[in-house]
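Some notes on the structure that comes next.
The values are calculated or read from the model by the stated rules, or taken from the named source; none is laboratory data. All values derive from a computational prediction rather than experimental measurement. Backbone-built Cβ (ideal geometry, glycine too); neighbour counts: all protein chains shown. Surface accessibility is based on the protein's heavy atoms, side chains included, excluding ligands, DNA and RNA. Shrake-Rupley method; radii C 1.70, N 1.55, O 1.52, S 1.80 Å.
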Amino acid sequence: MEGPAPTQLLHPRMDHGAHVLVVEDNPVTLRFLQTALEKNSYRLTLVTTARDAMAALDQELPDLVILDLHLPDIYGLEVCRHLRQCLGGDDIPVLVVTIEDGAEGHAEAVRAGVDDFLRKPILPVELRTRARSLLRLRFLRRELRSERESILDMHAQKENLLQYVTHDLKNLLGAAQATLDLMGEDGASSRNLRYQHRMGDSLRAMLTMVTDLLDISISDRAELVAEVELIDIGPWLEKVIHEFEPLAARSNRRFHLEVPPKLQIEADPHLLRRVVSNLLENAIRFAPEGSRISVSACDGQGATGPQIRVCDLGVGIPAELKNDIFDRFVRLKNPQESSSGRGLGLAFCRLVLTMHHGRIWVEDNAPCGSRFVLELPVSGHKANH
């Protein structure tokens, strides 16, 4: 009678067909290693010198290296060091077979990049088990790296899509804002005028949020660059404040500007304008009706750089939120409004100040409210006296 047919693996092992480089100069030991490893269905490359091993590595990287240290031409650890210098060779496991058992020799081998040791004499089952474990770890690492690259690629595609959608939204909102501005206020009833103001405020808020989101996304990809130039900060702040005076006037809020004459600051005017605009808009939202919003600038003294300050007389910011308020999506509820922002404006402000090697923080204002302070580095400004 014929014997039973050999059992076939329904699911081949992860290490099935793996390429193993065996470096051993003793013919008897080399034959033993070959016989033991062939039972695991590995593809073997057998060499007897360190130079042959390095040449084999240059030609094709294996999945595992089994290495004897005492080779006739060069010490075996040089093979391991050569492997680690090869492109893609940093995560290939190296199993050393040796008669040495000293801690000092093992420490040197680990520094050279050895992953595991087998002390001679070797049991075949121990060799196969150790090789299988090392190969399994290698293949798992490779799968994890592949999955990580796939996730990063998906994230990049998502960011690209976000930028495209945000850019299109920005254009649409800008066009809607321009159309609303063209309608004008002449001849409009008080009711329609009130609706126009509400639409304008909503469009302006959405446009600011979308622009901040777009710039933060661009910054994450290291594509947002500050184009620094010298700014006459007094006239510059007057222009920025002038844009917000109609919005402030509708709720009987007013601005007060205080800047020393001829003060100049080096910064990106477009990005800095966005920062100040964010702070002015927040001040208008949180300041009580009929109150004053103070904007000031001062020259740096000593190690302190030039500063721009925006102060309101609102409810202030709780102490536990004064640091977190500049993180993305951290929102402060405004008791005067049914909805709050999306937590992007102040995150964008900190991003811009960091790009300028400056900083931004918030502190209590006297007698109440908040004082936001922008500080640029000492070397980033010039003042004419």
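Summary table
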read-out	value
³J(HN,Hα), Karplus 6.51/-1.76/1.60, whole Hz, each residue of region 109-126, x for Gly, Pro	5, 5, 4, 6, x, 6, 9, 7, 10, 10, 8, 6, x, 9, 8, x, 5, 5
Cut-off 13 Å between beta-carbons: net charge of the residues surrounding His16, Lys and Arg +1, Asp and Glu -1	+3
Distant-in-sequence amide H partners of Ile293 (H built 1.01 Å from N, under 5 Å)	Arg254, Phe255, His256
Heavy-atom accessible area ranking, 1.4 Å probe, most first, across Phe32, Phe244	Phe32, Phe244
Per residue Cα convex hull volume in Å³ - calculated over region 249-304	114
Qualifying GluC sites (Glu not before Pro) in region 79-119, DSSP loop, other Cβ atoms within 10 Å at most 16	Glu100
Solvent-accessible ranking of Lys39, Lys322, largest area first, probe 1.4 Å	Lys39, Lys322
Karplus-derived HN-Hα couplings along region 146-153 (A = 6.51, B = -1.76, C = 1.60, θ = phi - 60°), whole Hz, x at Gly and Pro	5, 5, 4, 5, 5, 5, 5, 5
Leu144/Arg194 FRET efficiency (R0 45 Å; Cβ-Cβ; nearest 0.05)	0.15
For Leu118, distant residues with modelled amide H under 5 Å away	Val96, Val97, Thr98
Exposure of His357 as accessible area (Å², to 10), given a probe of 1.4 Å and all protein chains	150
Other-chain or far-sequence residues with amide H under 5 Å of Gly316's (modelled H)	Gly369, Ser370
Separation of the Glu100 and Glu266 label points, Cα + 7 Å toward Cβ, nm	5.7
Met154, Met54, Met14, reordered so the largest accessible area comes first (probe 1.4 Å)	Met154, Met14, Met54
Computed lengthening from Ser202 to Ala366, 0.36 nm per intervening residue step minus Cα-Cα distance	56.0 nm
Spin-label model distance (nm) - Cys86 vs Asp327, 7 Å beyond Cα toward Cβ	4.6
Solvent accessible area, Å² - Glu363, 1.4 Å probe, full protein context	60
For region 234-240, 3J(HN,Hα) per residue [Karplus equation, 6.51 cos²θ - 1.76 cosθ + 1.60, θ = phi - 60°, Hz, x = Gly/Pro]	x, x, 5, 5, 4, 5, 5
